[in-house]
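S.K.: Pasting a structure here, questions to come.
The values are calculated or read from the model by the stated rules, or taken from the named source; none is laboratory data. Please read all numbers here as calculations on a predicted model, not as lab measurements. Cβ coordinates were reconstructed from backbone atoms using ideal geometry, including for glycine residues, and neighbour counts include every protein chain displayed.
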């Protein structure tokens with residue numbers, strides 16, 4: 001899922017590059033994009049992770065080599081709030097729900113995270129090659145991904161749609177992909193959105209309609225710029241990301257509702273010995289209330305899970 005899934009991700013250098021044209025759009029009176037409004041706003045200042053402490057019984061679930069080194073390498077995709085982003089387009093520490101949950105898990109496990117920025121579509125292949133120990137990036141659990149990747153879930157997000165504010169041609173919600181027929185849809189590279197649209201590309205022909213056209217973007221900001229400039233008609237991305245963007249004071253998008261829910265989790269190489277420890281750590285955060293405070297901070301409480309699971313089946 002980027003945005004989310006967010007499906008594609010915006011790294012620090014890219015954020016600066018995208019921000020200039022977005023500011024130009026504002027100056028011209030056509031309005032800044034939702035990404036611009038969100039990325040130039042400060043992150044929430046409360047810190048629910050600060051009080052988290054190591055839990056020895058959970059840390060003991062880690063492999064001995066990890067306990068000895070005290071470090072794990074994480075491939076992290078930071079594209080847009082509320083999942084993960086760089087406030088004000090800075091190149092300092094990323095903020096967001098995914099960052100807070102990963103940091104809280106690390107504190108329970110008594111380890112340090114060596115966070116490496118990566119584009120969304122590169123993280124899963126890099127896990128399989130051993131470059132990272134685990135990945136974050138709002139990755140949705142799908143049947144296809146479960147063939148090669150292990151998941152430890154921490155939130156329930158999914159797929160949704162958004163349009164430029166004022167566009168009423170889709171109605172109030174997109175509930176069926178035939179509503180996209182004859183339109184141009186913007187998505188992130190390597191995402192569940194790309195897979196969903198590819199798998200269902202024949203629905204328009206069956207309905208006697210023109211096919212939808214899919215435009216794939218490697219950066220989240222570029223997708224929103226394309227929407228504002230009229231080069232695409234609608235964005236398909238994460239529920240939480242699109243809802244967050246549309247709620248910003250400077251936003252110029254309208255959220256068109258949920259299409260398909262997906263569990264979201266930390267990602268690991270298949271057969272990783274880390275999953276039990278991560279699952280126990282997430283469940284400890286749920287139990288002690290830290291998890292609820294993190295989600296409240298980022299406005300994603302409606303996506304809370306009751307318990308973390310390892311490799312659950314994809315939502316029907």
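S.K.: Contact list please: Cβ distance under 6 Å, first residue in region 180-203 and farther than 23 Å from residue 164 by Cβ, second residue modelled with pLDDT of 95 or more, pairs at least six apart or on different chains.
M.R.: Short answer, once both residue conditions are applied: 200/177; 203/177; 203/178.
S.K.: (1) under 24 Å from residue 71 (Cβ atoms); (2) part of a helix (DSSP H, G or I); (3) in contact with a strand residue (DSSP E or B) (Cβ under 6 Å, 6 or more places away or on another chain): which one isn't true of residue 277, the others all being true?
M.R.: With respect to (1) under 24 Å from residue 71 (Cβ atoms); (2) part of a helix (DSSP H, G or I); (3) in contact with a strand residue (DSSP E or B) (Cβ under 6 Å, 6 or more places away or on another chain), residue 277 is out only on (3).
S.K.: Okay, next question. Within region 44-52, identify whether any single residue is on the phi > 0 side of the Ramachandran plot, at pLDDT 95 or above and surrounded by fewer than 16 Cβ atoms within 10 Å (Cβ to Cβ), and answer yes or no.
M.R.: no
S.K.: With a cut-off of at least 1 residues that are closer than 17 Å to residue 262 by Cα and modelled with pLDDT of 90 or more, name the helices (runs of 4 or more DSSP H) lying wholly within region 175-244.
M.R.: 192-199
S.K.: From the list 301, 272, which one is at negative phi and surrounded by 18 or more Cβ atoms within 10 Å (Cβ to Cβ)?
M.R.: After applying the criteria, what remains is 272.
S.K.: While we're on this one: Within the set of pairs 6 or more residues apart or between chains, which connect a residue that is at pLDDT 95 or above inside region 128-140 to a residue that is surrounded by fewer than 24 Cβ atoms within 10 Å (Cβ to Cβ) and assigned to a loop (DSSP other than H, G, I, E, B) with Cβ atoms less than 9 Å apart?
M.R.: Short answer, once both residue conditions are applied: 131/118; 132/118; 133/272; 133/274; 134/272; 134/274; 135/118.
S.K.: Under 6 Å between Cβ atoms, at least 6 apart or on separate chains: pull out the pairs that start in region 214-228 with a residue that is over 13 Å from residue 191 (Cα atoms) and end on any residue that is modelled with pLDDT of 90 or more and crowded, with 22+ Cβ neighbours inside 10 Å.
M.R.: Here the result reads 223/186; 223/235; 226/186; 226/232; 227/235, each pair linking region 214-228 to a residue that is modelled with pLDDT of 90 or more and crowded, with 22+ Cβ neighbours inside 10 Å.
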